[in-house]
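K.L.:
A single structure is presented below for examination.
The values are calculated or read from the model by the stated rules, or taken from the named source; none is laboratory data. This structure is a prediction, so every number in the text was calculated from the model and none was measured. Every residue, glycine as well, gets a Cβ built from its backbone with ideal geometry; the counts of neighbours run over all protein chains shown. Ligands, DNA and RNA are excluded from the accessible area calculation, which covers all protein heavy atoms including side chains. Shrake-Rupley method; radii C 1.70, N 1.55, O 1.52, S 1.80 Å.
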Amino acid sequence: MSKELEQAKKYFPGGVNSPVRAFKSVGCEPIFIKSAYGSKVIDVDDNEYIDYVGTWGPAILGHAESSVIEAVRRTALDGLSFGAPTVAETELAELICEAFPVIEKMRFVSSGTEATMSAIRLARGFTNRPYIIKCDGAYHGHGDSLLVSAGSGVATFAIPGCPGIPDSIASNTLVVPFNNLEAVNEVFETHKNKIAAMIVEPVCGNMGVVNPIEGYLQGLRNLCDANGALLIFDEVMTGFRGCYGGVSKISNVKPDLTTLGKVVGGGMPLAVYGGRSEIMSMISPDGPVYQAGTLSGNPIAVAAGIATLKKLKANPTFYMKLLDNSQKLQQGLTKAANDVNLNVVCNRYGAMMTIFFNKEPVTDYETAKKSDTALFARWFKGMLERKIYLAPSQFEAIFISGAHTETDINRTITAAKEVFAML
Ligand code: KE4
């Protein structure tokens, strides 16, 4: 065990501050990172890796992008946190409303979990209904109502996802398979007028990347409208990943509420929930639904967010190049696997993708779980040995940034060819 991990385990469960960082599902020790620039991360032993974790999505410009660093540095000189409104928060909100026309009003919070937890409370407060629907295998942060698993059967009451979540809370969440409108309709029928909202990753990233089938998102919109429920798009991961906006822009399906995180904070602790003004007017102090936060709208995080969005917006060819590189990687990895008769499915949305070691199309959590996770773990280790740093789980996404060069992509494909041949 590395001395860093040994020391860390004295203080943190698993030696980490978020479970996935422990590399448990790939059966090897985590590497301790000391710095990151552009498309690279450097570990404490000065090994440099091409990074596809991208701090789980925020680093879409690449790490330590100069304009973001300068904005943070300059802002920090004037103080770190005031606990009072600042003009910069309004500036960031204007940028967000422009990128997400479905967000008329919003509230800043410090994590995606806070954003989804607050959006759920708001939906229940606005509709005065108890139940929410989520998809099996979707992850919306660790709020009690959402850290639940599917029970038995297709459309079911949730069961606690872990100890510490009372049945009384989990049982207010109904779980359905992604990409299955019949199951959603069934749940609405059996819980007439009792469902506050459905929350969905419009493109799933937490069962691996799984795209919605044709008509699915519009179908959810129609079912929510027909049943007086709100539709919540959790775009914490997909926000700014496929375009300068969200899946709601690309699909033209309009959710009532949207949650954002990751990219919108440029790597700093900032997340958002927002949507129709009528609904947001329920939030304290305008309305009775309470939500608060000491560091919400923190000046440093807001400065990073503004600099990130301005940089994304300023370069009209940014997304064209990013999506072109992402497609090159998707096609290169798929071909490299197929050339050695490995069955893989590579699902991609914009600049996030997952290569499933799976014989069949991956369209929901059930099919995703059929992937060969042991083979994935061997691939992960082989790539890490070749200094390619991937997300340490079959059920996570690879994130490509604007800093990844053609050389990075070609080096990654070459490494994959070598490792696939050994699997
Ligand atoms: P945070 O509380 O981690 O900021 O956001 C929770 C969240 C909400 N919604 C979606 C769609 C998300 O993907 C996330 C967080 N994503 C994980 C990666 N799969 C964060 C990594 C981690 O848990 O360490």
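K.L.:
With the condition being in contact with a Lys or Arg (Cβ under 8 Å, 6 or more places away or on another chain) and open to solvent by less than 60 Å² (accessible area, probe 1.4 Å), I'd like the helices (runs of 4 or more DSSP H) fully within the stretch 340-423 carrying at least 3 qualifying residues. If you could, list the steps in order and put the result at the bottom.
P.N.:
Details: elements: 365-368, 373-385, 406-422.
Once the helices (runs of 4 or more DSSP H) in the stretch 340-423 are filtered for at least 3 residues that are in contact with a Lys or Arg (Cβ under 8 Å, 6 or more places away or on another chain) and open to solvent by less than 60 Å² (accessible area, probe 1.4 Å), what remains is 406-422.
K.L.:
Among all residue pairs at least 6 apart or on different chains, which show Cβ distances below 7 Å where the first residue, located in the stretch 136-149, is touching a residue at least 40 places away in the same chain (Cβ under 8 Å) and of a type in the set (Asp, Glu) and the second is open to solvent by 50 Å² or more (accessible area, probe 1.4 Å) and more than 10 Å from the ligand (Cβ to nearest atom)?
P.N.:
Listed by first residue and then by second, the contacts come to Asp136/Tyr365.
K.L.:
With the requirement that a residue be under 17 Å from Asn206 (Cα atoms) and of a type in the set (S, T, N, Q), what does the stretch 1-25 give you?
P.N.:
The initial filter retains those residues of the stretch 1-25 that are under 17 Å from Asn206 (Cα atoms), namely 18-25.
If the condition is that a residue be under 17 Å from Asn206 (Cα atoms) and of a type in the set (S, T, N, Q), then Ser18, Ser25 are the ones that fit.
K.L.:
In addition: Can you pull out every residue in the stretch 237-288 that is in a loop (DSSP other than H, G, I, E, B), of a type in the set (Ser, Thr, Tyr) and within 11 Å of the ligand (Cβ to nearest atom)?
P.N.:
Once the filter is applied, which keeps residues that are in a loop (DSSP other than H, G, I, E, B), of a type in the set (Ser, Thr, Tyr) and within 11 Å of the ligand (Cβ to nearest atom), the stretch 237-288 yields only Thr238.
K.L.:
Let me ask something else about it. Looking only at the stretch 1-31, which residues are in contact with a Ser or Thr (Cβ under 7 Å, 6 or more places away or on another chain) and in a loop (DSSP other than H, G, I, E, B)?
P.N.:
Glu29
K.L.:
Would you pick out the residues in the stretch 289-315 that are assigned to a strand (DSSP E or B) and either within 27 Å of Met352 (Cβ to Cβ) or within 16 Å of the ligand (Cβ to nearest atom) (or both)? Before you say what the answer is, go through the steps one by one.
P.N.:
The first filter runs over the stretch 289-315 and keeps only residues assigned to a strand (DSSP E or B), leaving 289.
Within the stretch 289-315, no residue meets the criteria.
K.L.:
Name, by its number, the condition in (1) within 16 Å of the ligand (Cβ to nearest atom); (2) over 24 Å from Ala196 (Cβ atoms) that does not hold for Asp78.
P.N.:
Of (1) within 16 Å of the ligand (Cβ to nearest atom); (2) over 24 Å from Ala196 (Cβ atoms), only one is false for Asp78: (1).
Condition check ((1) open to solvent by 10 Å² or more (accessible area, probe 1.4 Å); (2) β-branched (Val, Ile, Thr); (3) under 23 Å from Pro19 (Cα atoms)) across all residues:
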{"position": "Leu223", "(1), (2), (3)": "yes, no, no"}
{"position": "Glu235", "(1), (2), (3)": "no, no, yes"}
{"position": "Asn252", "(1), (2), (3)": "yes, no, no"}
{"position": "Gly265", "(1), (2), (3)": "no, no, yes"}
{"position": "Ala271", "(1), (2), (3)": "no, no, yes"}
{"position": "Arg276", "(1), (2), (3)": "yes, no, no"}
{"position": "Gly293", "(1), (2), (3)": "yes, no, no"}
{"position": "Val302", "(1), (2), (3)": "no, yes, no"}
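K.L.:
Residues that are assigned to a helix (DSSP H, G or I), open to solvent by 10 Å² or more (accessible area, probe 1.4 Å), away from the ligand (no atom under 16 Å from the Cβ) and within 30 Å of Gln330 (Cβ to Cβ): does the stretch 202-218 have at least one?
P.N.:
yes
K.L.:
For Gly228, are the conditions met, namely being more than 16 Å from the ligand (Cβ to nearest atom), on the phi > 0 side of the Ramachandran plot, open to solvent by 40 Å² or more (accessible area, probe 1.4 Å) and in contact with an Asp or Glu (Cβ under 9 Å, 6 or more places away or on another chain)? Spell out the reasoning first.
P.N.:
Numbers: more than 16 Å from the ligand (Cβ to nearest atom): yes; on the phi > 0 side of the Ramachandran plot: yes; open to solvent by 40 Å² or more (accessible area, probe 1.4 Å): yes; in contact with an Asp or Glu (Cβ under 9 Å, 6 or more places away or on another chain): no.
For Gly228, the condition - more than 16 Å from the ligand (Cβ to nearest atom), on the phi > 0 side of the Ramachandran plot, open to solvent by 40 Å² or more (accessible area, probe 1.4 Å) and in contact with an Asp or Glu (Cβ under 9 Å, 6 or more places away or on another chain) - is not met.
K.L.:
Moving on to the next point. Could you count how many residues in the stretch 47-81 are in contact (Cβ under 8 Å) with a residue 24 or more places away in the chain and closer than 30 Å to Ala415 by Cβ? Break it down stepwise before answering.
P.N.:
Initial filter on the stretch 47-81 (in contact (Cβ under 8 Å) with a residue 24 or more places away in the chain): 47-65, 67-68, 70-72, 74-76, 78-81.
Adding the requirement that they be closer than 30 Å to Ala415 by Cβ leaves 47-65, 68.
So the count comes out to 20.
K.L.:
Any residue in the stretch 227-240 that is over 13 Å from Ile103 (Cβ atoms) sitting within a Cβ distance under 7 Å of a residue that is among the basic types (Lys, Arg) and at pLDDT 95 or above? List the pairs, counting only those 6 or more apart or interchain.
P.N.:
Cβ pairs passing all conditions: Leu231/Arg221; Val236/Lys262; Met237/Lys262.
K.L.:
Return the pair list, or none, for Cβ contacts closer than 7 Å from residues in the stretch 341-356 that are of a type in the set (Lys, Arg) to residues that are modelled with pLDDT of 95 or more, at least 6 apart or on different chains.
P.N.:
Partner pairs satisfying both residue conditions: Arg348/Val209; Arg348/Ser326; Arg348/Gln330.
K.L.:
Restricting the search to the stretch 19-49, which residues are open to solvent by 40 Å² or more (accessible area, probe 1.4 Å) and either of a type in the set (A, V, I, L, M, F, W, C) or within 16 Å of the ligand (Cβ to nearest atom) (or both)?
P.N.:
Correct list: Pro19, Val20, Arg21, Lys24, Ser25, Phe32, Ile33, Val44.
K.L.:
Quick one: in the stretch 64-90, which of the residues that are touching a helix residue (DSSP H, G or I) at 6+ places or on another chain (Cβ under 8 Å) and under 21 Å from Ser39 (Cα atoms) is most open to solvent (accessible area, probe 1.4 Å)? I'd like the intermediate steps shown before the answer.
P.N.:
Pass one, the stretch 64-90, residues touching a helix residue (DSSP H, G or I) at 6+ places or on another chain (Cβ under 8 Å): 65, 67-68, 70-72, 74-76, 78-82, 86, 88-89.
Adding the requirement that they be under 21 Å from Ser39 (Cα atoms) leaves 65, 67-68, 70-72.
Details: Glu65: 28, Ser67: 43, Val68: 15, Glu70: 67, Ala71: 7, Val72: 35 Å².
This residue is Glu70.
K.L.:
Residues being more than 16 Å from the ligand (Cβ to nearest atom) and of a type outside the set (A, V, I, L, M): count how many of those fall in the stretch 90-129.
P.N.:
So the count comes out to 14.
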